[in-house]
Structure formats: structure tokens, C-alpha cells
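Working notes for the structure below.
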Amino acid sequence: MAALTRLLRSAATSGSTARISLSTLASEPKTGFPAGLAARLAPAPTRKERDERNVQWVFLGCPGVGKGTYASRLSQLLGIPHIATGDLVREELASTGPLSQKLVDIVNQGKLVSDEIIVELLSKRLSKGEEKGESGFILDGFPRTVRQAEILEGVMDIDLVVNLKLRKDVLMEKCLGRRICSECGKNFNLARINVEGQNGQPGMYMPPLLPPSGCMTKLITRADDTEEVVKERLRIYNDMSQPVEEFYRRQGKLLEFDLPGGIPESWPKLLQVLSLEEHDEDKQLAAA
Ligand code: AMP
């Protein structure tokens, strides 16, 4: 398969060494790390090493959980590309290419694009990055089937898989509140989640992620963020993508992370379990 060949070529040239900006990981963090996972993480880097890091991470999680938000922040912090296959699909949809017509119904019904098409799109994206001298990545939305995970496994050395988790009753609200600025492309969320604690379960507050005034009038909603389509996407996630979690769990690569709330609460905790440090200039970047 041509796509696989390109992926293979990319894998061969991008290398598989993990260089992570980590503060000292003296002991394994209590949250989420399976035994041995900490050993995959490199010791504290020097400033020079921060510039050379090259991690290959995957973000898993249900639609609406916030994979894009956290993957994008981490990619800025680590200086590596954030590659979201959903974005690649939407770019293809926005083009006038022959694939566009084929994809529109699939995506708007919340179904998965075929493994061949998605591998082809990812392969092209990796090749482009390779030409630009990119190395390392955070993959978001791929793999979504065990077959995709096996294809990836055959060609890339994935260092770490972060599985973001959020209570089910909140996911739908998060998807319905999602907005994109049609001009700058940034993602926002108008949903204000405020769930009271019940039966010993803690409550949860997630403030909305509001756009700056310049974006406010340009907000659009994704065609697949309607209630009916989100239900279908959640159903498909349970059927097709949850087995991917097990695939990586068995390999000892899965880091489970239960989001405790919105970004202000969750981001520092995520950095903590990843033993990452945020420097002042990174904070400014992530906030931008
Ligand atoms: P997302 O933005 O990740 O929710 O993706 C939007 C849509 O793109 C999905 O509902 C699928 O139709 C398609 N898609 C994205 N990534 C994949 C993938 N890895 N496999 C199959 N379809 C995908």
C-alpha cells in the first residue's frame, strides 16, 4: 500500500527516540501511570535538550473530552507538531478534491472514514512535515480503530498514549457548546458545566472557554456537533475506539487521566502527571 510505504519512509527518517521535557521523575506519579511507564520518560532535560526533544505521543478520548485543547497546548509546550486527523479530514472537506464528496456524508453522519483514507491523509501530512524538518508529534484522533493502531505500531515507535477521560453526562454538553472561529480557526467552548456532587461523587465545574471579542461574531459550529450526530460518534467511539485503549494498555503505554474540571484545574494536573514543567514563555504561548 502506497500510504503505508510513505508512512514507513517517514518513520524511518523521523527516528523514534523520545526526548521529553520532564522535570525529575524521582518516583512514579500516583495518578494513572502503569508500572514501568515512568521508565519511558526521560530524565530532566537541560535547556539545550528542550530544543531537541522529539516525542511521539498519542491522545485518545471520547468526542468532546478536550483532546484537541490539551494536545495543542502540549505541542506548543514541547515544540512539536499537533496532528489531528479530524483537522486533516476537515481540510480535505473544504477542498474541491475528489475525496471531498466521498467524505462529506460519512463525516456529517458521525461515521468513521475508512482506515485506508485516513492513513493516506496522515501519511501525506507526515511526509510534508518531514520535508519541513519536523520531528516528533502529538497525534490526536488517530488511531481510532485497532487496525489503525496496528498499522501505526508497524511503522512508528509510540512512546506514550494519554487517555483523557470525562464523565459521560458532560461530554454531550461539551460537544454542543463547541465553536470554531471561521477566521482564525481557534476552538472555543460556550458550555458552562456545573455538575453537583452526588452519592459520594465529586461535583465538577468547567468554565466556558470564551473567544476574544474579535472572534465572537465569526463563530461557527461543526456540522457533526449536533445532538444526533454526537450520539452516533459516542456510540462509534465505544464500539471501535475503546478497544484501542486496551491495545495500548496491554503494551503498558496507556496513561489514564481523569479530567478533574476545566482547563485551569486540569492543565496543571496534566503537566504534573506528565512531570512536565511550564516555563513563563510557554504559559504565554499556551494562553495565546
Ligand atoms: P474529530 O475532529 O477527531 O472528531 O474527527 C472528525 C471526523 O473525522 C470523525 O467523526 C471521522 O469521521 C473523521 N476521522 C477523524 N479521525 C479519524 C480516524 N482516525 N479514523 C476514521 N475517521 C476519522
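FYI, it's all coordinate maths here, none of it is from the lab. Every value quoted in this text rests on a predicted model; they were computed, and no experiment measured them. Heads up, the Cβs are rebuilt from the backbone with ideal geometry, glycines too, and the neighbour counts pull from every protein chain shown.
By the beta-carbon count within 10 Å of each Cβ, the least crowded to most crowded order of Phe188, Phe257, fewest first, is Phe188, Phe257. Straight-line cross-link partners of Lys253 among the aspartates and glutamates, defined as a Cα under 13 Å from its Cα and at least 8 positions apart when in the same chain: Glu153, Asp157, Asp159, Glu245.
By the count of neighbouring beta-carbon atoms within 10 Å, fewest first, Cys184, Cys62, Cys175, Cys215 end up ordered Cys184, Cys215, Cys62, Cys175. Seen through its C-alpha gyration tensor, with square-root eigenvalues sorted a ≥ b ≥ c, segment 60-129 comes out oblate because a/c lies at 1.5 or above while a/b is not bigger than b/c.
Legend: ranking of residues Arg250, Arg144 from fewest to most surrounding C-beta atoms inside 10 Å; resulting order Arg250, Arg144. With the simple model of a label 7 Å out from the Cα in the direction of the Cβ, Glu246 to Val195 spans 2.4 nm.
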